[in-house]
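A short write-up of the structure that comes next.
The values are calculated or read from the model by the stated rules, or taken from the named source; none is laboratory data. Predicted model only: the values in this text are computed from it and were never measured. Methodologically, a virtual Cβ is constructed for each residue, glycine included, from the backbone with ideal geometry; neighbour enumeration extends over all protein chains shown.
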Amino acid sequence: MARARRGAWMFRWIRRLVVFLLAVLVAGYGLAYLAVWGGGPALEPWHTELLEAEFTAEQAGEVGGFEDCLRLEDRLFRELDEKVYLQVETGPAERLNRYSAGSVADPRTRDPDWNRSFVLENDDPVGGVLLLHGLTDAPYSLKSLGLAFHRRGYLVLGLRLPGHGTAPSGLATLKWQDMAAAVKLAARHLAVQIAGRSLHVVGYSTGAPLALDLTLDALEGDGLPVPASLILVSPAIGVHPTAALARYKALAADLPGLGSHAWLSIVPEFDPFKYNSFPTNGGAQVFALTRRVATRLRDRAARVPDNVLPPTLVFKSTVDATVSTNAVVDNLLGRLAPDRHELVLFDINRFAVKAPLMIADPAPLTDRVMGACDLPFTVSFITNITADTRAVRVDIKPPRSADVASSEPLGLVWPPTHLSLFHVALPTAPDDPLYGRRPPENADDLFLGEMALRGERGLLRFPENWLMRLRYNPFYDYVEQRALEWVETAGVPDN
């Protein structure tokens, strides 16, 4: 009898719990429905139109090679014109709308349009460099490094990843496998063009785990060229755990009236080479990709600890709201053999930022990296020479050591108003005409770089927090120099 009473009691409580959860779900759906229909951001054609000519992993076997991908890309951009640009009004009110034909933000008015894949040819290349941009970005984000490699004699391929460079809706249905398949096609094409010379891969943000996934496939005998070296900029090796919840939020987008739930943010599109709106699916795909790469690195490190990856150079800011520096140490560099890899870590501006003003000082992370004696990689730490000057130095700490072996000034200084670098700043030169330090000579050209603007809220089309973020790297020359030196000393791939 007692057991039967306990069973009945548990059944009643389980039933009540189920009813309660259903009530919460219904209430949440109702509130969300009201919020969307009660003035939430409107979905525009660039959020809703799906482009059928986009490359997918399922097409990899049907596409003959990278040239076929470029022809498919031509079709894709014609489809973008028809499905999006022709639906959007023109005129002064749309002057900052990327998808308004002829606006200052219309990338099609620029030559070249850096949203598209590009190849920088050399008649007798010394090697090849494959550039992989980040999520919501375009090949533009790595063009400065690409041009630098080209001047040194490399054949450079800047790949437009599927879902990018067109409309944000492309990321709403994207799978990380689509990007990985495109990367493989580009790597094979580049390897043929350079005829046995060394191949190097530069991965920025989400491009970094794609570069690692490609390299691991090549090392494990997938018939791909093994890169001679990797350069990873602001690498998305670990993202915030809440990204895992993005896939569940995306499910709500299929319910009537809740299409905006497919978006983590819906923002005006005024940047010609980067999406401002962010689809929920994008976060979910990056989370899945980073988890896959972290697992593969861990497994390979256990099997072949002396040859996990080719020489790998990582550039990272200590403060980065997008990706984790600890993950770079724990899930990537910390698993590699010593003496072949390096982390270049940029500190905050210790002259400008005083402790009482900060929510969280990155000093504990710095202390961890610079104080540990068991890290198997070199650390080059860029910081103020002293707290009383904006000039910076580089402290170099060898692998398996807690001591700085050398420290020297770089002849570079923090700009007066800059507190730190951040995720998107690292690969961009100060003289970049769109994101740089000074506006172009033509005042009518669009400029999204350093703007010291003050005034009432709601006056500009830009979100206020967007204006706070530095979009170029005042130490870019050092990044470029180190990247060039890295590929030139990495040797040839071991095929």
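Worth a mention:
- Residue match in the stretch 414-431 (condition: at pLDDT 90 or above, exposed (fewer than 15 other Cβ atoms within 10 Å of the Cβ) and outside any helix (DSSP H, G or I)): yes
- Filtered by the rule that a residue be among the hydrophobic types (A, V, I, L, M, F, W, C) and either at pLDDT below 85 or in contact with a Cys (Cβ under 6 Å, 6 or more places away or on another chain) (or both), the stretch 432-448 gives 443, 447, 448.
- Checking every residue in the stretch 105-117 against the condition of being among the hydrophobic types (A, V, I, L, M, F, W, C) and either surrounded by fewer than 19 Cβ atoms within 10 Å (Cβ to Cβ) or over 25 Å from the mean Cα position of the chain (by Cα) (or both) gives zero matches.
- Selection count, the stretch 62-88, where residues are assigned to a loop (DSSP other than H, G, I, E, B) and either touching a Leu at 6+ places or on another chain (Cβ under 6 Å) or at pLDDT 95 or above (or both): 2
- Looking across the stretch 48-76, the residues that are within 23 Å of the chain's Cα centre (by Cα) and under 12 Å from residue 166 (Cβ atoms) come down to 50, 51, 54, 55, 73, 76.
- Residue list for the stretch 146-179, filter: part of a loop (DSSP other than H, G, I, E, B), surrounded by fewer than 20 Cβ atoms within 10 Å (Cβ to Cβ) and out of contact with any Leu (no Cβ under 8 Å at 6 or more places or on another chain): 153, 175
- Residue match in the stretch 391-409 (condition: of a type in the set (S, T, N, Q), over 24 Å from residue 148 (Cβ atoms) and surrounded by 18 or more Cβ atoms within 10 Å (Cβ to Cβ)): no
- Sole residue being closer than 21 Å to residue 206 by Cβ and either of a type in the set (Lys, Arg) or free of Cβ contacts under 8 Å to residues at least 60 places away in the same chain (or both), chosen from 118, 55: 118
- When residues in the stretch 122-134 are screened for being at pLDDT below 95 and not polar (S, T, N, Q), 2 of them pass.
- The condition (being touching a residue at least 24 places away in the same chain (Cβ under 8 Å), over 30 Å from residue 305 (Cα atoms) and not in a helix (DSSP H, G or I)) is satisfied by just one residue among 340, 350: 350.
- Wholly within the stretch 215-333, strands (runs of 3 or more DSSP E) carrying at least 1 residues that are crowded, with 18+ Cβ neighbours inside 10 Å and modelled with pLDDT of 95 or more: 229-233, 312-317
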